[in-house]
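The values are calculated or read from the model by the stated rules, or taken from the named source; none is laboratory data. Nothing here was measured: the structure is a model prediction, and the numbers come from that model. Cβ placement follows ideal geometry from the backbone for every residue including glycine, while neighbour counts extend to all protein chains displayed.
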Amino acid sequence: MASVTGLTHKFTSLDISKSNEPVAKLPTKFAAPNVPRPKVTSKPTVPVGYSKLGSKASSSSLKTQGTSKLIYDSAKTEKSKPPNPAHKRSESVDIGSYDGGLDSDTHEHVSSEDAPDLALDSSTLSTPTRTWSLHDFDVGRPLGKGKYGRVYMVRTKAPPRYILALKTLYKAELVKDCNERQLRREIEIQMHLRHPNVLRLYGYFHDSQRVFLMLEFAGQGELYRQLLKQGRFTPRRSASYAYQVADALSYLHSKSCIHRDIKPENILIGLNGELKIADFGWSVHAPGDRRKTLCGTPDYLPPEMVLRKEHGKFVDHWALGVLTYEFLHGSPPFEDKNRQNSMRKIARVEFKFPNTFEEDAKDLIGKLLRFEPEERLPLTEVMVHPWIVKYRNKN
Ligand code: ATP
Ligand code: MG
């Protein structure tokens, strides 16, 4: 069996989200090393048809890590013998057994009149996707259970048979919690983001009962589980993770996006062990708009949110400080069984460093856990902080 790692390798340039974009723009980057290179041209090839998915005409694109663009002539590959090894490999990856969970119709229908925010079509969302449906995928094993439905490992039926995570959300449940707008915001924000440490949302579609999000497959699962399993991470691993989160946050902030809910539960791990920030449900895309909503779990809340003051992008800097502390220690700095105590400690920035922490690690965390948001270390400086650099250079 081919390894999933080799297959779903580097999906980052995938772009299937734009209006009328063909399905063949799904990632061909999962071609493992040593796989014969697809045809490379400087200009796009003449589009070729893709019967299975019903799109009129399509070409399949493949971007390299740099800026150059490779064009992958999928029709040629389909005709040629043997078929592209990447396709073959994808087919041989075991996506696990489907538990039938998507076929049991237990939820009432929600019309777009009841929930206009869930009428996710081109007339209502700025970045429409091509028409997808559940029939376009082979559904494999459940990857996890979200608040509004399961997440499945899936593979597109049409070549090159990409592997993705398909997140289902039941509309009736979303409506019950008044979370339609939040989901919409999550989609609108995540669709536009392209960073190796930010989980890609490739597209979405919906039926009468559910919304489906086509997500990048994070092959190593949840960071939270890893932390639970290991107790704590080594300084080297913690520093590498802190760097990746700082890099991702720096990118998000450059796009005027504040995540606001950074914590181990919202970070997944990719096939190559790289972190993927997920869960954009609480993020805001509002330059200059400093909101007062209290959100997030107490452990990661910054003083300005605990004190219900206005807050901005520096909430993410604070969360990075808490996260780094938790990586090294196994529990966050303001943890307390009593929520009120925890909030009080946060408001006073009252925490202790364990003896095991290195001085330069303390220096970094201390510079992020500052009461005054503006005094928190800029993310670009986090990335070159001596503690981070020390471990990055040790590879
Ligand atoms: P919650 O509110 O409990 O966090 P949620 O609605 O945000 O749930 P997710 O956290 O997105 O749902 O997904 C639930 C679980 O499914 C995750 O904890 C993870 O184990 C798995 N999962 C989600 N997305 C992916 C993915 N892209 N790749 C691999 N596994 C995933
Ligand atoms: Mg989640």
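Taking only the stretch 169-181 into account, find how many residues are within 23 Å of HIS253 (Cβ to Cβ) and within 11 Å of ligand 1 (Cβ to nearest atom).
0
Just the residues that are within 14 Å of ligand 1 (Cβ to nearest atom) and either over 12 Å from the mean Cα position of the chain (by Cα) or surrounded by 23 or more Cβ atoms within 10 Å (Cβ to Cβ) (or both), please, taken from the stretch 220-237.
GLN220, LEU223, TYR224, ARG225, GLN226, LEU227, LEU228, LYS229
Collect the residues in the stretch 351-371 that are among the acidic types (Asp, Glu) and in contact with a Pro (Cβ under 9 Å, 6 or more places away or on another chain), keeping them in residue-number order.
Listed by number, the residues that qualify are GLU358, ASP360, ASP363.
All but one of (1) under 27 Å from GLY96 (Cα atoms); (2) surrounded by fewer than 23 Cβ atoms within 10 Å (Cβ to Cβ); (3) in contact with a strand residue (DSSP E or B) (Cβ under 8 Å, 6 or more places away or on another chain) hold for PHE212; which doesn't?
The number of the failed condition is (2).
I'd like to verify a number: residues in the stretch 308-342 that are in contact (Cβ under 8 Å) with a residue 60 or more places away in the chain and outside any helix (DSSP H, G or I), how many?
Residues in the stretch 308-342 being in contact (Cβ under 8 Å) with a residue 60 or more places away in the chain and outside any helix (DSSP H, G or I): 4 in total.
Suppose we filter the stretch 243-282 for residues that are modelled with pLDDT under 95 and aromatic (Phe, Trp, Tyr); how many remain?
2
Quick one: which of SER208, SER240 is at pLDDT below 95 and more than 14 Å from ligand 1 (Cβ to nearest atom)?
When all the criteria are applied, what remains is SER208.
Limited to the stretch 255-278, what total is found for residues that are more than 11 Å from ligand 2 (Cβ to nearest atom), in a loop (DSSP other than H, G, I, E, B) and either within 20 Å of PHE217 (Cα to Cα) or touching a helix residue (DSSP H, G or I) at 6+ places or on another chain (Cβ under 8 Å) (or both)?
8
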